[in-house]
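The values are calculated or read from the model by the stated rules, or taken from the named source; none is laboratory data. Computed from a predicted structure; not experimentally measured. Every residue, glycine as well, gets a Cβ built from its backbone with ideal geometry; the counts of neighbours run over all protein chains shown.
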Amino acid sequence: MFPPLAYLEWIDGRPAAADYDLGTSDLRLAETPDGAEPVPPRLAGLDAPAGDASLAALVADEYGVAEDRVVVTAGATHANFVAAATAYTLDDGCAAAADAEVGGADTGTDDSAGGARTGRDAGGDEDESGPRALVEAPGYEPLVELPRALGARVERFRRPAPEAELLPDRVENAVVAAGSEEIAHVTVTNRHNPTGRLESRDDLADVAGVVADHEGYLLVDEVYAPYTAEPVDGRGFGGPTAAGLPSTVVTGSLTKFHGLGGLKIGWLVAPPEFAECARAVEAHVPAVAEPSVALAKRLFANRDDLVAESRKRCVSNHGLLAEFVAGRDDLTGPVPDGSPFGLLRHDTADGDEVARAAWDAGVLVVPGRFFGAPDGARVSLGGDAAESERALAAFGAVLDGL
């Protein structure tokens, strides 16, 4: 039921082995060797919050919602797993469907009728059983394969290049083309992974309305939403958030914007009935460690200073990447305002060719094929300014040799 994820297998070990990392998208600080120091450098010496508020309460306060809408998870991947599983079991009173068939492994897309593409079983025939999920394309591979692993039939809708705008009519057309008036959930990322496009809360509300009309939930992975030059909302660490919209579930974590992936702390924010069911689902995979919870509370106790540090790095790295792309005649692809990553296309080489040449020179970039965009490569700046400048210079030398 749970096939290997090609992207995660490919990326495993590469950031540590690369001389120059333009593949990792979190805003990280230098880390100590594994096990040498359990407290991340970013949190070392910081005080815990006063009082006894739970981590769920602190997350709820950040998003401006009631605590009963928040479920704390072991990272964003765990949150997305719980959210998808909950969407499939909610109508059955949180009872898992034991007879769900598994969708197939075809991750391709079709731009007809808004970009719908049916899942297929192992024999190549369309699998009509199980709930239906709709996932953006291009898109992050685990968000495509997770619903299939849970027994859903996955359809796709396209966010058209190069801007990758999120269009409600594309969602509507893909649901209709799938041959059913109901959908369990529609999954999107904001910022979009891999292009970095940022949608407003109003835009997300329009899509949520379409999804609700088809009896489903909009699932929004917001791990990149806070990547902005200035706060655009007073909630969700300053990024546009869909939290609190009807029929909408958002997921987030401390990994990307906060650079604290080692803690494995994430969350989902959902309508109360969804969150209640999600807690029942989560009980099947308990994995949130108490030391991680305690350290996560330090971030919330020092929220303003730490968020300002991350935003400063976002702005700096966005500027470096945008300037790099603007200065080259062989690269195209927007670098959206405030984003330190983007999907870039070379004028003569596809994403795999660019990534292979870069890797041979010790530079890590991610082939776009892992997102359904094989003509491009995702380039991400997560390090400090000096590290990012060196990495871009090395990548430029690779491109000069293509």
task = Tell me which residues, restricted to the range 294-336, are touching a residue at least 40 places away in the same chain (Cβ under 8 Å), under 18 Å from residue 162 (Cα atoms) and among the small types (Gly, Ala, Ser).
result = 333
query = Out of all the residues in the range 163-194, which are in a helix (DSSP H, G or I) and of a type in the set (Gly, Ala, Ser)?
reply = 174, 177
inquiry  = Just to check your reading of the model, which residue among 73, 77 is within 16 Å of residue 276 (Cβ to Cβ) and in contact (Cβ under 8 Å) with a residue 12 or more places away in the chain?
reply    = 73
key: Cβ-Cβ under 6 Å pairs, at least 6 apart or on other chains, the range 337-361 side of a type in the set (S, T, N, Q), far side in a helix (DSSP H, G or I)   = 339/318
task = Would you check if there is a residue in the range 268-290 being assigned to a strand (DSSP E or B) and within 30 Å of residue 150 (Cβ to Cβ)?
result = yes
note = How many residues of the range 11-29 are outside any helix (DSSP H, G or I), among the aliphatic types (A, V, I, L, M) and either free of Cβ contacts under 8 Å to residues at least 40 places away in the same chain or closer than 15 Å to residue 385 by Cα (or both)? The answer is 3
query = For the range 323-357, which residues satisfy the criterion of being out of contact with any Ser or Thr (no Cβ under 6 Å at 6 or more places or on another chain), more than 21 Å from residue 199 (Cβ to Cβ) and in a strand (DSSP E or B)?
reply = 331, 332, 346
message = With the structure loaded, tell me whether residue 376 is under 17 Å from the mean Cα position of the chain (by Cα) and closer than 20 Å to residue 156 by Cβ or whether it fails that test.
response = no
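Surrounded by fewer than 16 Cβ atoms within 10 Å (Cβ to Cβ), modelled with pLDDT under 95 and not in a loop (DSSP other than H, G, I, E, B): is that true of residue 99 in this structure?
no
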query = Which of the residues spanning the range 179-203 are among the aliphatic types (A, V, I, L, M) and surrounded by 24 or more Cβ atoms within 10 Å (Cβ to Cβ)?
reply = 183, 184, 186, 188
request  = Would you please name the residue that is surrounded by the most Cβ atoms within 10 Å (Cβ to Cβ), looking only at residues in the range 153-162 that are at pLDDT below 95 and assigned to a loop (DSSP other than H, G, I, E, B)?
outcome  = 161
